[in-house]
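Visitor: Take a look at the following structure, please.
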There are 2 protein chains.
Amino acid sequence: MRLTDRQKLILTLVIHEHIQTAQPVGSNTLVLKYNLAMSSATVRNEMSVLTEVNLLRQPHTSAGRVPTEEGYRFFVGNLIQKSTLPTTTRRTITHQFYQSRQDVEQWLRLAVSVLASQAQAASLVTAPHAEKAIFKHLELVATRGRQVLMVLVLMDGDIRQQFITLAEAISQERLSEIAGRISTLCIRCDSADIARLRSQFDALGQDIIDILLAEMALTEEAATGEIYLDGMTNVLSEPEFAESDEARQALYILQERSLLENLIASTMTNTDVGGIQVLIGGEGTWEELRQCSVILARYGDPESLTGSIGVLGPIRMPYDRAISTVQFVANVLSDLVSEMLAV
Amino acid sequence: MRLTDRQKLILTLVIHEHIQTAQPVGSNTLVLKYNLAMSSATVRNEMSVLTEVNLLRQPHTSAGRVPTEEGYRFFVGNLIQKSTLPTTTRRTITHQFYQSRQDVEQWLRLAVSVLASQAQAASLVTAPHAEKAIFKHLELVATRGRQVLMVLVLMDGDIRQQFITLAEAISQERLSEIAGRISTLCIRCDSADIARLRSQFDALGQDIIDILLAEMALTEEAATGEIYLDGMTNVLSEPEFAESDEARQALYILQERSLLENLIASTMTNTDVGGIQVLIGGEGTWEELRQCSVILARYGDPESLTGSIGVLGPIRMPYDRAISTVQFVANVLSDLVSEMLAV
DNA sequence: TTTTAGCACTCTCCCTATGAGAGTGCTAAA
DNA sequence: TTTAGCACTCTCATAGGGAGAGTGCTAAAA
């Protein structure tokens with residue numbers, strides 16, 4: 001779509017103004033508020049053009065203009081000026097992350113809370129997750145009788161714990177010995193490798209390996225790691241969700257884990273780490289998100305460990321700020337992941 | 001407060017009807033809908049009395065009656081008939097829990113989802129949590145260089161993981177040996193015991209014990225275990241929350257972990273396992289919950305491991321069903337906890 | 001003494017009408 | 001190509017006027 005500079009300016013201003021006021025924007029308002037060096041009639045003519053090419057829309061004949069979804073998309077794709085968060089903000093955030101560097105769970109909680117408060121929207125962060133589960137360490141703890149606690153540590157930092165019941169009671173020494181052997185032999189192995197090693201163990205060891213493999217398979221099935229959410233009440237305060245039903249649908253997607261995983265999976269398939277996806281108004285696919293926009297990014301190490309982060313807000317979202325926040329947090333998380341992998 | 005049987009009946013019916021319709025209830029409606037053997041005038045007189053003692057309220061002079069908070073409290077305290085969930089429902093739920101018995105996290109997810117769907121409200125479940133952290137097992141996994149993953153298993157099933165950086169690189173064998181010694185010596189010890197044992201270890205062991213103690217202290221500080229939430233969108237669909245701001249405040253309490261912990265802590269202090277607390281309209285203390293009611297119960301083994309569960313909905317909540325659901329789920333969880341402790 | 005029929009009265013809710021205000025599109029002049 | 005001027009359109013806020021639901025009171029009935 002070819003637009004003159006003036007048309008681009010007006011589109012930008014309409015979007016900017018509408019994001020602030022949530023109201024249709026009139027030609028007069030625009031001229032006065034932004035001291036434009038042209039008359040309202042000129043603005044009206046340009047608006048007419050923009051309406052014809054479906055970037056703007058009139059709620060009714062004699063109202064101001066409102067950006068269409070296509071308008072927002074054009075804006076995000078062509079006009080948005082990459083803003084960056086203020087240095088002080090960035091420093092504060094980085095500092096917070098630095099303080100909680102030992103604990104992955106804390107990063108993620110912090111990330112999701114920073115996103116929510118900076119973008120004033122609902123936010124989500126998925127724990128970093130490897131496509132292939134790689135064994136790192138196994139621990140068996142005798143509980144009582146035949147009940148044993150199995151703790152499985154994977155290379156991506158994921159820890160799976162499970163109670164298992166063995167055929168007979170086994171002493172802690174024996175359990176530790178087996179766990180030690182499995183840990184030493186299988187380190188850095190994937191499921192297939194471990195299956196091949198299975199025959200080297202005695203009956204008990206093979207039983208345990210079977211459970212272990214089942215658990216690893218389960219981890220691999222999960223499309224994403226654990227999902228952290230925050231800021232959902234931010235969305236509720238937006239005026240377009242006063243008729244609460246729309247908001248409910250949007251929040252429902254966030255709550256319903258399977259839907260959310262779908263959304264992330266289908267949006268992120270072709271997204272590189274560092275790349276950003278902006279989903280405006282559900283893009284025809286996500287009925288529940290018709291009133292919402294979602295900004296998603298991938299973080300981590302593309303070779304091994306990746307996760308997704310994003311924010312969800314009304315279509316009328318401050319895209320520049322939201323995008324730069326998402327980008328910034330994604331970068332911070334990527335750094336933390338590679339630091340974790342490298343040390 | 002002394003009421004005649006007829007007054008109790010009418011109060012009950014008004015509450016019942018109002019819960020269904022969310023509208024003020026008129027004398028005529030009541031007589032017709034419930035085939036009362038009296039005239040609407042009689043009902044009106046009784047309603048007048050109930051209004052005088054502040055159990056009912058008129059939104060405006062010529063409207064029907066609405067229960068006051070006090071009315072609901074009287075109802076819950078004196079009139080409610082303990083209903084139980086249908087046997088088939090109970091069986092289905094029990095069966096689901098039975099299937100996920102190995103995995104504590106799965107119980108809790110299931111519990112919170114059952115509560116939400118059965119009570120059609122927002123629901124919460126906290127992980128079982130011991131007042132005193134008791135050591136069970138320690139594991140140290142060499143990562144790379146001086147970076148070590150510490151996995152700490154406590155008796156209540158809580159697992160804490162953390163990356164720690166040692167003064168120098170240590171081999172996995174050495175780490176396993178130390179972890180093994182600490183595990184053997186400290187099993188079933190609390191922080192004080194472990195602090196006493198500290199001198200029996202070499203410098204490295206003491207360093208690790210210090211970190212371990214810090215971690216245990218952290219666990220003890222936390223008033224509750226992890227909190228699981230579900231069904232928040234259920235609350236949004238209630239008509240009294242159409243003016244979305246009220247709903248926002250209520251959901252905010254659920255989202256804001258510290259507030260929620262406060263709420264649980266202050267409500268649960270005097271509640272035994274098996275007991276149920278019903279908080280109607282914030283009870284003057286919780287400003288954000290003025291439009292809501294919360295039903296909370298404690299589950300687990302009072303001697304060692306307890307957690308809280310509850311539902312949050314509009315004041316106009318189907319108390320009988322909600323209470324029996326909470327009670328039932330609390331019982332199921334208590335059974336699972338004692339099974340876990342006993343096996 | 002208690003219950004009930006009858007009735008006037010009150011208040012909300014919904015519908016309609018009306019006018020102000022904001023904003024548009026078009027035309028003709030600059 | 002831009003702009004001033006103007007008629008026109010549509011929303012929104014406000015007010016008025018039933019209809020309907022429900023009450024409280026009074027007096028009669030049980």
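Conditions (1) at negative phi; (2) over 30 Å from the mean Cα position of the chain (by Cα); (3) away from DNA strand C (no atom under 14 Å from the Cβ), marked per residue:
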{"position": "B:ARG2", "(1), (2), (3)": "yes, yes, yes"}
{"position": "B:SER27", "(1), (2), (3)": "yes, yes, no"}
{"position": "B:LYS33", "(1), (2), (3)": "yes, yes, yes"}
{"position": "B:ASN45", "(1), (2), (3)": "yes, yes, no"}
{"position": "B:SER48", "(1), (2), (3)": "yes, yes, no"}
{"position": "B:LEU56", "(1), (2), (3)": "yes, no, yes"}
{"position": "B:GLY71", "(1), (2), (3)": "yes, no, yes"}
{"position": "B:PRO86", "(1), (2), (3)": "yes, no, yes"}
{"position": "B:THR89", "(1), (2), (3)": "yes, no, yes"}
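Visitor: Something else: Could you check the range B:48-57 and list, in sequence order, the residues that are open to solvent by 70 Å² or more (accessible area, probe 1.4 Å) and either within 10 Å of DNA strand D (Cβ to nearest atom) or farther than 23 Å from B:PRO239 by Cα (or both)?
Guide: Within the range B:48-57, B:GLU52, B:ASN54 meet the criteria.
Visitor: Looking at the range B:67-81, can you tell me whether even one residue there is within 10 Å of DNA strand D (Cβ to nearest atom) and without any contact (Cβ under 8 Å) to a residue 60 or more places away in the chain?
Guide: Quick first cut of the range B:67-81, residues within 10 Å of DNA strand D (Cβ to nearest atom) only: none.
No - not one qualifying residue is present in the range B:67-81.
Listed here are the residues, each with its yes/no results for (1) under 21 Å from A:ALA322 (Cβ atoms); (2) over 33 Å from the mean Cα position of the chain (by Cα).
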position: A:GLN206; (1), (2): no, yes
position: A:ALA214; (1), (2): no, no
position: A:THR219; (1), (2): no, no
position: A:LEU229; (1), (2): yes, no
position: A:PRO239; (1), (2): yes, no
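Visitor: Given the structure, is B:THR84 in contact (Cβ under 8 Å) with a residue 60 or more places away in the chain and either away from DNA strand D (no atom under 16 Å from the Cβ) or within 14 Å of chain A (Cβ to nearest Cβ) (or both)?
Guide: Yes; evaluated as a whole, the condition is true for this residue.
Visitor: Check B:LYS82 against each of (1) more than 29 Å from B:GLY284 (Cβ to Cβ); (2) out of contact with any Lys or Arg (no Cβ under 8 Å at 6 or more places or on another chain) and name the one condition it does not meet.
Guide: Of everything listed in (1) more than 29 Å from B:GLY284 (Cβ to Cβ); (2) out of contact with any Lys or Arg (no Cβ under 8 Å at 6 or more places or on another chain), B:LYS82 misses just condition (1).
Visitor: Of everything in the range B:313-331 that's of a type outside the set (Ser, Thr, Tyr) and more than 14 Å from the chain's Cα centre (by Cα), which residue is most open to solvent (accessible area, probe 1.4 Å)? Spell out how you get there, then give the answer.
Guide: So in the range B:313-331, the residues of a type outside the set (Ser, Thr, Tyr) come out as B:313-318, B:320-323, B:326-331.
With more than 14 Å from the chain's Cα centre (by Cα) added as a condition, the list becomes B:314-318, B:320-321.
Working: B:PRO314: 7, B:ILE315: 25, B:ARG316: 21, B:MET317: 3, B:PRO318: 52, B:ASP320: 63, B:ARG321: 99 Å².
In this case the residue turns out to be B:ARG321.
Visitor: Can we say B:GLN118 is free of Cβ contacts under 8 Å to residues at least 24 places away in the same chain and surrounded by 15 or more Cβ atoms within 10 Å (Cβ to Cβ)?
Guide: When the stated conditions are applied, B:GLN118 does not pass them.
Visitor: Just checking, does the range B:46-58 include any residue being β-branched (Val, Ile, Thr) and within 22 Å of B:PRO318 (Cβ to Cβ)?
Guide: Checked the range B:46-58: no residue is β-branched (Val, Ile, Thr) and within 22 Å of B:PRO318 (Cβ to Cβ).
Visitor: For A:ILE295, which of the numbered conditions (1) modelled with pLDDT of 95 or more; (2) among the aliphatic types (A, V, I, L, M); (3) surrounded by fewer than 21 Cβ atoms within 10 Å (Cβ to Cβ) fails to hold?
Guide: (3)
Visitor: OK, next. Quick check on the range A:298-312. Is at least one of its residues farther than 27 Å from B:ALA121 by Cα and within 14 Å of chain B (Cβ to nearest Cβ)?
Guide: Within the range A:298-312 (the criterion being farther than 27 Å from B:ALA121 by Cα and within 14 Å of chain B (Cβ to nearest Cβ)), the answer is yes, since at least one residue qualifies.
Visitor: Looking at (1) without any contact (Cβ under 8 Å) to a residue 40 or more places away in the chain; (2) within 16 Å of DNA strand D (Cβ to nearest atom); (3) open to solvent by 20 Å² or more (accessible area, probe 1.4 Å); (4) in a helix (DSSP H, G or I), which is the one condition that is false for B:THR61?
Guide: The single condition B:THR61 does not satisfy is (4).
Visitor: Looking at B:GLY275, B:GLY310, B:GLY282, which is the one that is open to solvent by less than 40 Å² (accessible area, probe 1.4 Å) and over 26 Å from B:TYR252 (Cβ atoms)?
Guide: None of the other options fit; the residue is B:GLY275.
Visitor: Here's another thing I want to ask about it. Count, please, the residues in the range A:291-315 that happen to be in contact (Cβ under 8 Å) with a residue 12 or more places away in the chain, assigned to a loop (DSSP other than H, G, I, E, B) and not hydroxyl-bearing (Ser, Thr, Tyr).
Guide: Within the range A:291-315, residues that are in contact (Cβ under 8 Å) with a residue 12 or more places away in the chain, assigned to a loop (DSSP other than H, G, I, E, B) and not hydroxyl-bearing (Ser, Thr, Tyr) number 4.
Visitor: Continuing with the same structure: Within the range B:216-252, take every residue that is open to solvent by less than 10 Å² (accessible area, probe 1.4 Å) and out of contact with any strand residue (DSSP E or B) (no Cβ under 8 Å at 6 or more places or on another chain) and give me the one that is nearest to the other protein chains (Cβ to nearest Cβ).
Guide: B:LEU236
Visitor: Here's something else I'd like to know. Which one of B:VAL76, B:VAL112 is assigned to a helix (DSSP H, G or I), surrounded by 19 or more Cβ atoms within 10 Å (Cβ to Cβ), among the β-branched types (Val, Ile, Thr) and within 14 Å of another protein chain (Cβ to nearest Cβ)?
Guide: From the options B:VAL76, B:VAL112, the qualifying one is B:VAL112.
Visitor: Scan the range A:185-200 residue by residue and report those that are open to solvent by 10 Å² or more (accessible area, probe 1.4 Å) and either facing another protein chain (nearest Cβ under 8 Å) or hydrophobic (A, V, I, L, M, F, W, C) (or both).
Guide: A:LEU185, A:ILE187, A:CYS189, A:ALA192, A:ALA195, A:LEU197
Visitor: Restricting attention to the range A:17-47, and to residues there that are within 12 Å of DNA strand D (Cβ to nearest atom) and in contact with a Pro (Cβ under 6 Å, 6 or more places away or on another chain), which single residue is least open to solvent (accessible area, probe 1.4 Å)?
Guide: Looking at residues that are within 12 Å of DNA strand D (Cβ to nearest atom) and in contact with a Pro (Cβ under 6 Å, 6 or more places away or on another chain), I get A:ALA22.
Visitor: If I filter the range B:268-277 for residues that are assigned to a strand (DSSP E or B) and either among the basic types (Lys, Arg) or within 13 Å of chain A (Cβ to nearest Cβ) (or both), do I get at least one hit? So that I can check it myself, show each step before the final result.
Guide: Here is the first cut: in the range B:268-277, the residues assigned to a strand (DSSP E or B) are B:276-277.
After this cut, where a residue has to be either among the basic types (Lys, Arg) or within 13 Å of chain A (Cβ to nearest Cβ) (or both) as well, the list is none.
Checked the range B:268-277: no residue is assigned to a strand (DSSP E or B) and either among the basic types (Lys, Arg) or within 13 Å of chain A (Cβ to nearest Cβ) (or both).
Visitor: Being touching a Gly at 6+ places or on another chain (Cβ under 7 Å) and more than 21 Å from A:GLU303 (Cα to Cα) is the filter here; which residues of the range A:259-283 pass it?
Guide: none
Visitor: For the range B:257-290, what are the residues that are within 11 Å of the chain's Cα centre (by Cα) and touching a residue at least 60 places away in the same chain (Cβ under 8 Å)?
Guide: B:LEU260, B:ILE264
Visitor: Right, here's the next one. Within the set of pairs 6 or more residues apart or between chains, which connect a residue that is assigned to a strand (DSSP E or B) inside the range A:9-34 to a residue that is within 13 Å of DNA strand D (Cβ to nearest atom) with Cβ atoms less than 8 Å apart?
Guide: As it stands, the answer is A:VAL25/A:GLY64; A:VAL25/A:VAL66, since those pairs meet every condition given.
Visitor: Test B:SER40 against the stated conditions and say whether it is in contact with a Gly (Cβ under 9 Å, 6 or more places away or on another chain) and either within 14 Å of B:VAL14 (Cβ to Cβ) or within 14 Å of another protein chain (Cβ to nearest Cβ) (or both).
Guide: yes
Visitor: Moving to a separate point now. Taking the range A:122-179, which residues are more than 10 Å from chain B (Cβ to nearest Cβ), surrounded by fewer than 19 Cβ atoms within 10 Å (Cβ to Cβ) and among the hydroxyl-bearing types (Ser, Thr, Tyr)?
Guide: The one that is more than 10 Å from chain B (Cβ to nearest Cβ), surrounded by fewer than 19 Cβ atoms within 10 Å (Cβ to Cβ) and among the hydroxyl-bearing types (Ser, Thr, Tyr): A:SER171.
Visitor: Further question: Pairs under 6 Å by beta carbon, first residue of a type in the set (S, T, N, Q) in the range A:321-340, partner part of a helix (DSSP H, G or I), six or more apart or different chains?
Guide: So the pair list comes out as A:THR325/A:GLN118; A:THR325/A:ALA119.
The values are calculated or read from the model by the stated rules, or taken from the named source; none is laboratory data. Small disclaimer: the values here were computed from a predicted structure and weren't measured. For neighbour counting, all protein chains shown are included, and Cβ atoms are generated from backbone atoms with ideal geometry for every residue, glycine included. The protein model used for the area step is the full one, side chains on, heavy atoms only, and it has no ligands, DNA or RNA in it. Shrake-Rupley method; radii C 1.70, N 1.55, O 1.52, S 1.80 Å.
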